[in-house]
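All remarks here apply to the structure that follows.
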Amino acid sequence: MPSEADTTEEVVDEARRALLEALSAELGDAFVGSDLVPGKDLTIRVATEAWGDTALYLRERQRFRYFNWLSAIDWLPSPFGRSLDAEVDKKLDPEASAAASVELGSGTTGGDSRFQVLARVHSLTTNLGLTVKVDVPGTGDGDLSVETWTSVYPGANWHEREVNEMFGIHFLGHPGLRNLYLPGDFEGYPLRKDFPLLARLVKPWPGIVDVEPMPGPSDDSPSTDNPEDTL
Amino acid sequence: MTAISDRRQLAYIAAQAADARVNVELEAEGMTLNIGPQHPATHGTLRIVARLDGEQVIEADPVMGYMHRGYEKLAEVRTYPQVTTLINRIDWLGSFANEVPFILAAEQLMDIEAPPRARHIRTILFELARIANVTLFLGDMGVQLGAVTPIFYAFRDREHILNQIESATGGRFHPNFDRIGGVKDDLPAGWLAETKQSLGEIRKFCDQMEDLILGNEIFQARTRGIGVIPADVGLSYGLSGANIRSSGVDWDLRRDGAHPGLAYNDVEWRVWTHPDGDSFARYWVRLQEVRESCLIVEQLLDSMPSGPIMAKVPRIIKVPEGEAYVETENPLGVMGYYVVSQGGLEPFRVKIRSASFSNMSISPWLLKGTYVPDVITILASLYFILGDIDR
C-alpha cells in the first residue's frame, strides 16, 4: 500500500486521505480494506452484509450523488491457462507462461472469495471518484448473491442485469433481473474465467505475425523539428 | 417565444382531452408498439418495446444485445497493444477517443508518461474525433424531426475532419493510432495548416446549423420541454457528457479529470451548460461544444511542441500487477476502463464503462408518459451509438 505522498499531487492526495479516514471511521466494522494511489484513485472494500447500506451511506452522507458503473471480477485463474495463446506469443513471454498463476487472486484491496462485485461512484462536490468492492462468497453454483443498489441509485439497474447474466451473481431486491444482452435461454456465464472462449478453441489464434518495430533506445527517436510542421 | 408555448399548451390540453375521450369510449387496454430493431433513430440495432395508451407511452423497455460483441471477454486473451484494435469499434463515430482512456490506464499501471508532442497529437486527434462524431449528431437530429437537409451538410463537412484524421493516421474511422507511451507516427508535413482550414469549415457548419435548426420554429416547438431530465435524476442514472451538462451540471472530465497523458491544461476554453435539461438544451450544448473543440484544437496546433512522439517503452509490453481505472470525456460522455493486470501480456480483466450504456439506462424512466412522436425526439437527443451500448 503506497504510503508516501507524491509531492506534485499533494492537494488531491490529502483530499483522498481525509475521505479514506472518514470512510474507515464511519463505516466501522463494514470497512475491511482499502487501497489509496496518491493523486490517482481510492478503492475500498466493504463487508458483504453491509453492501446495500454502503450505497445509502455514500449517497446520503458522503454526497456521492453520481453513480458511475457496477461490475464484477472473477478471480479464478483461467483453467485454460495460456493455451488460448499461440506458440509464437508464448515465446515472447516465457516466464509468464511458465509461472501461470494457480492461486486465486484478490486484487489491491484483498479478499477471500472468487467473485467480487465492484462499483464506482463520483462526488461532484469534491470531484473525487471512489471504487467500492465487496466479496461475494460462494462457489458460483447458483449461490452468489448480494444486495441490490437500485433502491439507492436507479442507474444500477442495467449494470446489475449485466453482471447477473455475465457472472451469475444474483442481486437481492432487484426489480427485474432479466437478461440484458444474451438470449433468455442462454446457458452459462460468459465472463467467468471457466467459460471457454469458443472462437479460440475452434480456430487457434495465429499469434503475433507482424510485430510493429518500436522506437527503442538505439533507434533514432522520430522527432520533428520540421519548421513547416510547427507552423 | 410566448406564442409558441401558448400554442403548445393548447395542443397539449387538446391532446389530453382527446385521450380522455378515446379512453372512455374504448376502454383501451393499450397496445404494444415495436420501435426498431431497424429504426433509423437508433444508430445500430436497438429495439424498444413501448406499451401505449392511445398516443401515450405507459412503459418503454429497450431490448439490446443485437450487437453485443463481448469485448470484455475478448480483451482477456489479447495483449495490450492488440486491445486497441477491438475497442476502436465501440463508438465507431469517434474511434480514436475510445483508445485514449485504455492507453492512459495502461500508462498509469506502467508508470509511463507520454512526451509533450505525443500528448498534443493525442489531444488534437481526441478533439477531432469529437468534432467528427458530434457533427453527425447535429445533422442527424434534424433528420429525426423530419428535416432532411442538415444531414447532407453534416456528411459534407464531417468529411473535412475525416480527411485530416485519415492523413494523420491512415484510417478514416478506425485510426488505431494511440500507443502506450505516445502515438504511432508523427504528423505529416503541412497537416497543421490543413487542419486549421478544416476547422474553419466546421465553424461555418455550426453557424449554419444554428440558423437552420436551432432558430427553426418547428424544431423549437418539438424539442423545448420535451424529455426533461432533472439534474438529480440524471446523476443517479450515471448520465454523462452533454446529456448531463444540459441539465445544468457543470462537470467535464477534460477540465476536472487530471489526465497526465493529455494536454487539456495547456489550453483555454470553457464548459457549456444549459439549465433546461430538455431535448433542445442537449442539442444546444453539443453545438457549443463543437465550437469549443475547434478552439481547443486551434490552440494546440499553434502551441505544438517539437520532440519525440514516444516515451521509452519496452519492446514487449508487460504491465505490472495492479488495478487502474481511467475515464475521459468522450464524444458521447464519460468513457472509462477498469484494467486489472496480473503482470502478464494480457489484461486479467477489462471493465468497459461506456457512455451510451448509462445514457440509455435512463430511457425507461424518461420515455414513460411521453407521446410517440416525442419518443424519437428524445432518443435522438440523448444521442447514443449502439456499439457503445452493446460493446
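The values are calculated or read from the model by the stated rules, or taken from the named source; none is laboratory data. Because the structure is a prediction, the values reported are computed rather than measured. Methodologically, a virtual Cβ is constructed for each residue, glycine included, from the backbone with ideal geometry; neighbour enumeration extends over all protein chains shown.
Assorted remarks:
- Cross-chain or 6+ apart pairs with Cβ under 8 Å, region B:70-82 first and within 7 Å of chain A (Cβ to nearest Cβ), then β-branched (Val, Ile, Thr): B:GLU72/B:VAL350; B:GLU72/B:ILE352
- Of all the criteria given as (1) within 14 Å of chain A (Cβ to nearest Cβ); (2) among the charged types (D, E, K, R); (3) within 19 Å of B:LEU367 (Cβ to Cβ), the one not satisfied by B:ASP278 is (1).
- A residue that is at the interface with chain B (Cβ under 10 Å from one of its Cβ atoms), touching a strand residue (DSSP E or B) at 6+ places or on another chain (Cβ under 6 Å) and at pLDDT 85 or above cannot be found anywhere in region A:203-219.
- Scanning region B:206-227 for residues that are farther than 17 Å from B:LEU145 by Cβ and under 19 Å from the mean Cα position of the chain (by Cα) yields a count of 1.
- Residue within region B:348-363 that is touching a Lys or Arg at 6+ places or on another chain (Cβ under 7 Å) and within 13 Å of another protein chain (Cβ to nearest Cβ) present: yes
- Screening the candidates B:LEU187, B:LEU192 for the property of being within 12 Å of another protein chain (Cβ to nearest Cβ) and either outside any helix (DSSP H, G or I) or surrounded by 23 or more Cβ atoms within 10 Å (Cβ to Cβ) (or both) yields one hit, B:LEU187.
- Selected residue [more than 14 Å from chain A (Cβ to nearest Cβ) and among the hydrophobic types (A, V, I, L, M, F, W, C)] from B:VAL339, B:VAL319, B:VAL267: B:VAL267
- For A:VAL12: the one exception among (1) modelled with pLDDT of 80 or more; (2) within 22 Å of B:GLU107 (Cβ to Cβ): (1)
- B:SER240 being among the hydroxyl-bearing types (Ser, Thr, Tyr) and over 30 Å from A:TYR66 (Cα atoms): no
Residue by residue, here is whether (1) surrounded by fewer than 24 Cβ atoms within 10 Å (Cβ to Cβ); (2) hydroxyl-bearing (Ser, Thr, Tyr) holds:
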site: B:GLU327; (1), (2): no, no
site: B:TYR337; (1), (2): no, yes
site: B:GLN342; (1), (2): yes, no
site: B:LEU345; (1), (2): yes, no
site: B:ALA355; (1), (2): no, no
site: B:SER363; (1), (2): yes, yes
site: B:LEU379; (1), (2): no, no
site: B:TYR383; (1), (2): no, yes
site: B:GLY387; (1), (2): yes, no
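- Test result for B:ALA311, among the aliphatic types (A, V, I, L, M), touching a strand residue (DSSP E or B) at 6+ places or on another chain (Cβ under 8 Å) and farther than 25 Å from A:SER34 by Cα: yes
- Members of region B:351-391 found to be in a loop (DSSP other than H, G, I, E, B) and within 18 Å of the chain's Cα centre (by Cα), listed by number: B:SER354, B:SER361, B:ILE362, B:TYR383, B:PHE384, B:ILE385, B:ARG391
- Elements of type helices (runs of 4 or more DSSP H) contained in region A:33-104, each with 2 or more residues being surrounded by 15 or more Cβ atoms within 10 Å (Cβ to Cβ) and modelled with pLDDT of 85 or more: A:51-60
- All positions within region B:161-176 that are of a type outside the set (S, T, N, Q) and crowded, with 22+ Cβ neighbours inside 10 Å: B:ILE161, B:ILE165, B:ALA168, B:PRO175
- From the list B:GLU292, B:GLU298, the one residue that fits, being surrounded by fewer than 21 Cβ atoms within 10 Å (Cβ to Cβ), farther than 19 Å from B:PHE177 by Cα and within 14 Å of chain A (Cβ to nearest Cβ), is B:GLU298.
- Pick from region B:84-140, criterion under 24 Å from B:ASN163 (Cβ atoms) and of a type in the set (Gly, Ala, Ser), ranking: nearest to the chain's Cα centre (by Cα): B:GLY94
- Residue match in region B:332-339 (condition: of a type in the set (Ser, Thr, Tyr) and within 22 Å of B:GLY387 (Cβ to Cβ)): yes
- For the residues B:ILE226, B:ILE218, B:ILE165, B:ILE213, the requirement of being outside any helix (DSSP H, G or I) and either within 13 Å of another protein chain (Cβ to nearest Cβ) or not aromatic (Phe, Trp, Tyr) (or both) singles out B:ILE226.
- Flag for A:LEU172 being touching a helix residue (DSSP H, G or I) at 6+ places or on another chain (Cβ under 6 Å), modelled with pLDDT of 80 or more, hydrophobic (A, V, I, L, M, F, W, C) and under 27 Å from B:VAL63 (Cα atoms): no
- Of the residues B:ALA263, B:ALA311, the single one that is surrounded by 24 or more Cβ atoms within 10 Å (Cβ to Cβ) and either over 23 Å from B:GLY142 (Cβ atoms) or in contact (Cβ under 8 Å) with a residue 40 or more places away in the chain (or both) is B:ALA263.
- If you filter region B:279-310 down to residues that are in a loop (DSSP other than H, G, I, E, B) and out of contact with any Lys or Arg (no Cβ under 6 Å at 6 or more places or on another chain), you find that the one that is farthest from B:PRO150 (Cα to Cα) is B:PRO308.
- Residues of region B:83-130 that are of a type in the set (Asp, Glu) and farther than 14 Å from B:PRO331 by Cβ: B:GLU107, B:ASP111, B:GLU113.
- Residues that are closer than 12 Å to A:ILE73 by Cα and of a type outside the set (Val, Ile, Thr), drawn from region A:165-178: A:MET166, A:PHE167, A:GLY168
- Strands (runs of 3 or more DSSP E) completely within region A:116-190 that count 3 or more residues being at the interface with another protein chain (Cβ under 10 Å from one of its Cβ atoms): A:128-136
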